[in-house]
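Any read-out appearing in this document is the output of simple, stated calculations on the displayed coordinates, not a laboratory observation. Remember, it's a predicted structure, so these values are computed and weren't measured experimentally. Positions of Cβ are backbone-derived with ideal geometry, glycine not excepted, and every protein chain shown enters the neighbour counts.
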Protein chains: 2
Amino acid sequence: MSLQQEILDLGCRARKAARGLASLSTEQKNSALLAMADEIMASKGAILSANEKDLARSQALPSAMIERLKLNMERVTAMADGIRHVAALADPVGEVIREWMRPNGIRISKVRVPIGVIGFIYESRPNVTSDAAGLCIKTGNAIILRGGSEAIYSNVAIVGALQQGGQKSGLPVGSILLIANTDREAIKHLAEMDRYVQLIIPRGGHALIESVVSAARMPVIKHSHGLCIVYVDREADLDMAVEIVINAKTQRPSVCNAVETVLVHAEVATPFLEKLAPRLAGKKVQLRADDSAFARLSSLRYAPLQRASEADWSTEFLDLILAVGVVDSAGKAIEHVERFGSHHSDCIVTANARTAEQFLREVDSATVYWNASTRFTDGGEFGFGAEIGISTDRLHARGPMALEELTSYKYVIRGAGQIRT
Amino acid sequence: MSLQQEILDLGCRARKAARGLASLSTEQKNSALLAMADEIMASKGAILSANEKDLARSQALPSAMIERLKLNMERVTAMADGIRHVAALADPVGEVIREWMRPNGIRISKVRVPIGVIGFIYESRPNVTSDAAGLCIKTGNAIILRGGSEAIYSNVAIVGALQQGGQKSGLPVGSILLIANTDREAIKHLAEMDRYVQLIIPRGGHALIESVVSAARMPVIKHSHGLCIVYVDREADLDMAVEIVINAKTQRPSVCNAVETVLVHAEVATPFLEKLAPRLAGKKVQLRADDSAFARLSSLRYAPLQRASEADWSTEFLDLILAVGVVDSAGKAIEHVERFGSHHSDCIVTANARTAEQFLREVDSATVYWNASTRFTDGGEFGFGAEIGISTDRLHARGPMALEELTSYKYVIRGAGQIRT
């Protein structure tokens, strides 16, 4: 069987499963989820030793990547707990989103339904495998998983456990499938298979997402990085601004909702940087400053400090590096955000409600903040109970993507013989 | 300038306009719409003579297509009235879809915003040009139009009038753009331009849609044909079923929500066909019947009658042709709909609520009907006030697509200095 035929076969099996999944009750789906969680725990030995094989092959990878790849008892237990948590969430499928009667007497109901088959392409962390499968089963979708080659043994073991748990509880065969072939071509075949797959979610770096976008025939919801910006206004509470910047930059620098650029209004730039600099220095943050900020930071003897290059304003450092610029007005800050930002999560710190509302209205980002850390862009922090990721697209789902965003809808019309005249 | 550069230039201009459009008030957008409608009326002479040029070039086209292409005073007036009607509808932009407070005190609002730049690709009817432009301006989106080559003179005249009306009322330049180059390559360039265009809506035949889907890098919402099916159950009110089938087949056979296949339960097939046959014969409907229906219709001496080929069950006749099959159960009917239908609009006629609910639940179509004609799948009939078309996709918009479906959303978060711990 060629690779393409192999992928087509997976698609066909997933499609069949999706039909069965769509008609399962909430109770049936929840009991499958609990069985999947149990089976993860029952297979912990096999999962951990598969993970060791992955780790043994991955010595050459950067330590941060190895850390993400590594499983232990605690992480395996967290995977099972994550699935149990999803089982406890409300089921969006079947929800009547809206219902109305037309003058001719037909009653129209807009009802939430599963999407169908979802292709999920991701990298590194093996716990994403079980998270994504749990969310898709909860919403009645079949899932075709394609993890990174570095985690292949772990993923095979995890999916094996999930499938076994699912089968014990009557989940349709084919509900959770893994592309075990780590060839890049497999992604292309998956992305071309719009006959069977209704949505592709790629979560990862630029090259991965580009390969999906250029090949895909079906809708793609990208989960890409973020270049998030905090603007400290002339009327900001500077202590609040410092706490927000420190939190957004240093609490977890490698994530998409961490801040990469701070802009400060010229009138408060000096006092703000005087307060911020020692705190950033304490966290060993490297600064890339524009001329105005550079002069101020130099006189504060901040180190390490460089002049920002043009490229720095467009760079997602995902590290303890921060670009700092001085602007003359909120309008200029908005211009900068629109020009250099990635429309993920951007923030204004100000005590002036009018300036804040202008920023909230004019900044065209998935999440815009007034006086809060950009780190809250997260399904859990939003109260969604879970997330499959953070969409950096505008259609169907934007920002944190959870159960509701994994559904579509249909219209159900009940009549008494009405015809159109 | 190469064709690709020309298209990129249009995209760049539309992108700039979109930012301005997003910050217009409802009043500003409505006054622009009214000015656009006025300018259509003021330009009626130029539009009609441009249309005559198109008609002169189109003598070789089928008469139905010429009929769709042809404008007259009444149709031009209807175009202007259509835009005025859209001006009178509620503006979805700015609507707070949902708002909630988190335990840490941040307030999250999910707010409706424009999508950005929409590429709209369509065929034949020149009034679609003004309809689509009106809906996009109302929702704060810039639009790049690409009509069929047969209507190019008409479209240039119509877009010219819309642009002039828009400019008189302060609409950003570039809000409404037309690709005047009728080369097929232009569609490819448009579909690759995800840097500037956030959504492509292709509305037309299979070849047009395929060329968009295979090239597109951004989301595509297809507006394709429908293969709609009516199932007449064992417990159907047969007179009601006859009215529904006649309406769904003959009221307007060329549209996507017309019925193409009728399935009838074996136990009522003879009495149903006895009632239906004379009515169909009166409308000169050709029948393509399976063996069981063929035997019954032959004994009724129905003509024109053929045995259905395998292909007939998958054919969107879009004409006065109907496939007729006999099934043993509602379950078999559902199987048939899932296998051969296009998931557009399907209907069960029955007096049994339980059978009806099974059909409504298990048939995975954008609109499923119980005891009503499939012809109601339409934005106007749904009460949406307008429609840009009927999505045959599952993501973002499914079924009739109107103002709300032309929007995205963003999250606005207001805090008091909250940081993530």
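Please build a GNM for chain B, connecting alpha carbons under 10 Å apart, and tell me which residue among B:PRO271, B:PRO202, B:PRO62 fluctuates the most.
B:PRO62
For B:ARG301, project a label point 7 Å along Cα to C-beta. Then give me every residue of the range B:319-343 with its amide nitrogen under 11 Å of that point.
It comes to no residues whatsoever.
Taking the simple approach of a point 7 Å from Cα along Cα-to-Cβ for both B:ALA353 and A:GLU67, what is their distance in nm?
Roughly 6.0 nm, to one decimal.
Determine, from the Cβ-Cβ distance of A:SER2 and B:GLU338 and an R0 of 35 Å, the FRET efficiency 1/(1 + (r/R0)^6), rounded to the nearest 0.05.
Working: r = 28 Å, r/R0 = 0.81.
E between A:SER2 and B:GLU338, to the nearest 0.05, is 0.80.
Taking a quarter of the surface of the Cα convex hull of the range A:228-381, what do you get in nm²? Don't skip to the answer; put the middle values down first.
Working: hull surface 30.8 nm².
Projected area, direction-averaged: 7.7 nm².
Starting from 0 in steps of 10 Å, tell me what percent of the Cα-Cα pairs of the protein assembly as shown lands in each bin.
Calculated P(r), rounded to whole percents: 2, 12, 20, 23, 21, 13, 6, 2, 1, 0, 0.
Given only helices, namely DSSP H runs of n ≥ 4 each adding -39500 (n - 2.57), what is the per-residue ellipticity at 222 nm of the protein assembly as shown, to the nearest 500 deg cm²/dmol? Walk me through the numbers on the way to the answer.
Numbers: 30 runs with 370 residues, N = 842.
Result for the protein assembly as shown: -13500 deg cm²/dmol, rounded to the nearest 500.
If you take every residue apart from A:GLU185 with its C-beta less than 11 Å away from the C-beta of A:GLU185, what net charge results, scoring Lys and Arg +1 and Asp and Glu -1? Write out the running numbers ahead of the final one.
Details: positive: A:ARG184, A:LYS188; negative: A:GLU6, A:ASP183, A:GLU192.
Taking every Cβ under 11 Å from that of A:GLU185, the sum is -1.
Mind checking which of B:ASP131, B:ASP291, B:ASP364 has the largest fluctuation in a GNM of chain B, springs on alpha carbons under 10 Å?
B:ASP291
Can you give the FRET efficiency to the nearest 0.05 for A:ASP183 and A:ALA60, using r as the Cβ-Cβ distance and R₀ = 22 Å? Don't skip to the answer; put the middle values down first.
Values: r = 20 Å, r/R0 = 0.91.
About 0.65, to the nearest 0.05.
When you have a sec, figure out the Kirkwood radius of chain A from all distinct Cα pair distances and drop it here in Å to one decimal?
On the way: mean 1/r = 0.0428 Å⁻¹.
Evaluated on chain A, it is 23.4 Å.
Given A:THR250, A:GLY325, A:TYR231, which one lies farthest toward the positive end of the charge dipole of the range A:228-381, if we put +1 on the Cβ of every Lys and Arg and -1 on the Cβ of every Asp and Glu?
A:THR250
Rounded to the nearest 5, what is the percent of antiparallel bridges among the DSSP beta bridges in the protein assembly as shown?
On the way: 32 of 120 bridges.
Taking every DSSP beta bridge within the protein assembly as shown, about 25 percent pair in antiparallel fashion.
So which residue, out of A:GLU316, A:GLU192, A:GLU357, gets the largest mean-square fluctuation from a GNM of chain A using Cα contacts under 10 Å as springs?
Ranking A:GLU316, A:GLU192, A:GLU357 by mean-square fluctuation puts A:GLU357 first.
Would you list A:CYS256, B:CYS228, B:CYS12 from fewest to most Cβ contacts within 10 Å? Walk me through the numbers on the way to the answer.
Numbers: A:CYS256 22, B:CYS228 30, B:CYS12 15.
So the ranking, lowest neighbour count to highest, is B:CYS12, A:CYS256, B:CYS228.
Kindly give the distances from B:LYS275 to its copy-mates, label point to label point, with each label point 7 Å from Cα along Cα→Cβ, as nm values to one decimal ordered shortest first.
Its label point is 7.9 nm from the equivalent points in the other copies.
Under 23 Å Cα-Cα from B:LYS44, which lysines qualify once same-chain neighbours fewer than 8 residues away are excluded?
Cross-link targets: B:LYS29, B:LYS53, B:LYS70, B:LYS138, B:LYS168.
To check you understand DSSP bridge types, tell me what percent of the beta bridges within chain B (both residues inside) are antiparallel, rounded to 5.
On the way: 16 of 55 bridges.
Of all bridge pairs located within chain B, approximately 30 percent are antiparallel.
Around A:ARG107, with a cut-off of 9 angstrom between Cβ atoms, what is the net charge of the other residues, counting Lys and Arg +1 and Asp and Glu -1? Before the final figure, lay out the partial values.
Numbers: positive: A:ARG102, A:ARG414; negative: A:GLU99.
Net charge in that neighbourhood comes out at +1.
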